[in-house]
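Asker: Here it is, the structure in full.
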Amino acid sequence: MTDQEQPKVAMVIMAHPDDAEFGSAGTVATWVADGWDVHYVVCTDGSGGGPDGTSDVGPAARQKVIATRKVEQRAACDILGVKDMVFLDYTDGQLQPSIELRRDLVRLLRQYRPTRVICPSPDRVWEQVLSIPRQHSDHLAAGQSALSAIYPASQNPWDFPELLQEGLKPHIVKDIYIVGAPMINYAVDISATIDRKLKALRAHTSQVAAHFDEIDRMLRERSAEMGKEYGMPLAEIYHRIER
């Protein structure tokens, strides 16, 4: 198929609620404006995102955090025009690149059949000042699992043959955008969508309300810095793999 013939279906695979808004919501809004159907997959339940300094981390408190973060993610999706979101509900903070997670992602890739996928990097970037907080162990596990699901498992009928019994045929993802990778080779101009990105991020009230002005400033400055190398006023950057 030519680029014009490819189905305009994209998937964003992330570890936590709000990860996509921080890393790629400007790109998502740009794609939606161009007629793409975008689907979100959140690998964890978001239960590790409660308030700092609390002593109440029991089951009831965690269930309240889960419910809150799912509502916030849905609100962010509505702002961006995301068509659908799926929570896989693995425990936040304990995500592993397991066969079970890989199978879950392959099932979704074969179900939705995206042409494009955004996912986190499976590798740390040691020279970046923010490498530790940005590259949470859950992010690395989600990245490793997503890439292993994309290739070879999604396209190989011999991987997870039980999915064939569910009527889910092999699928090849043509375009992969990796967030936070050690090597960057591509940028998306988000000049027209930065405000929508930040509005979607603001929807994650439980996570950002206390310091949103600082986050707004930081993300605008960072987007400008990333855009300079590519001749863009504001950008989100990736390692892109075209197949």
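Asker: Can you give the local net charge around Val106? Use residues other than it whose beta-carbon is closer than 14 angstrom to its beta-carbon, Lys and Arg +1, Asp and Glu -1.
Answerer: With Lys, Arg at +1 and Asp, Glu at -1, the neighbours total +1.
Asker: Turning to a different aspect of this structure: Give me Val38, Val125 sorted ascending by neighbouring Cβ count inside 10 Å, so fewest comes first.
Answerer: So the ranking, lowest neighbour count to highest, is Val125, Val38.
Asker: If contacts are Cα pairs under 8 angstrom and at least 6 residues apart, what is the relative contact order of the stretch 9-242 in percent?
Answerer: 26 percent
Asker: Here's a follow-up. By count of other Cβ within 10 Å, fewest leading, how are Lys169, Lys174 ordered?
Answerer: Lys169, Lys174
Asker: Could you list which residues have their amide H under 5 Å from that of Tyr90, counting only those 5 or more apart in sequence or on another chain, with H placed in the peptide plane?
Answerer: Close amide H contacts, sequence-distant or interchain: Thr44, Asp45.
Asker: Take the Cα radius of gyration of the chain and divide it by 2.2 N^0.38 Å, with N its residue count; two decimals is plenty.
Answerer: 0.98
Asker: How do the peptides 16-28, 136-148, 73-85 rank, highest first, by the average count of neighbouring beta carbon atoms within 10 Å per residue?
Answerer: 16-28, 136-148, 73-85
Asker: Please list 216-225, 201-210 highest first by mean number of surrounding beta-carbon atoms within 10 Å per residue.
Answerer: Highest mean packing first, the order is 201-210, 216-225.
Asker: Just report the Cα centroid separation between the stretch 57-90 and the stretch 190-228, whole Å.
Answerer: Taking the Cα centre of each part, the stretch 57-90 and the stretch 190-228 sit 19 Å apart.
Asker: Sticking with this structure for a sec: Work out how much length Trp126 to Met183 would gain on full extension: take 0.36 nm times their residue separation and subtract the Cα-Cα distance, in nm to one decimal.
Answerer: Working it through step by step, the gained length comes to 19.3 nm.
Asker: Still on this structure, I have one more. Rounded to the nearest 0.05, what FRET efficiency do Glu166 and Val9 have when you use their Cβ-Cβ distance and R0 = 22 Å?
Answerer: Efficiency computed from Cβ-Cβ geometry: 0.70.
Asker: R0 = 25 Å: FRET efficiency of Lys174 with Asp89, Cβ-based, nearest 0.05?
Answerer: 0.30
Asker: If you place +1 on the Cβ of every Lys and Arg and -1 on the Cβ of every Asp and Glu, how big does the dipole about the Cα centre of the chain come out, in debye to the nearest 20?
Answerer: 340 debye
Asker: What net charge is computed for the residues neighbouring Asp45, neighbours being all others with C-beta under 10 Å from the C-beta of Asp45, Lys and Arg scored +1, Asp and Glu -1?
Answerer: Taking every other residue near Asp45 into account, the sum is +1.
Asker: Take each complete run of DSSP H in the chain, measure how far its Cα atoms stretch along the helix's own axis, and keep only those covering 18 Å or more with mean Kyte-Doolittle hydropathy at least -0.5; list them.
Answerer: Passing helices, by number: 59-80, 99-112, 137-150.
Where a number appears in this text, it was derived from the coordinates with a stated rule and is not lab data. Everything numeric here is computed off the predicted structure, so don't read it as measured data. For neighbour counting, all protein chains shown are included, and Cβ atoms are generated from backbone atoms with ideal geometry for every residue, glycine included.
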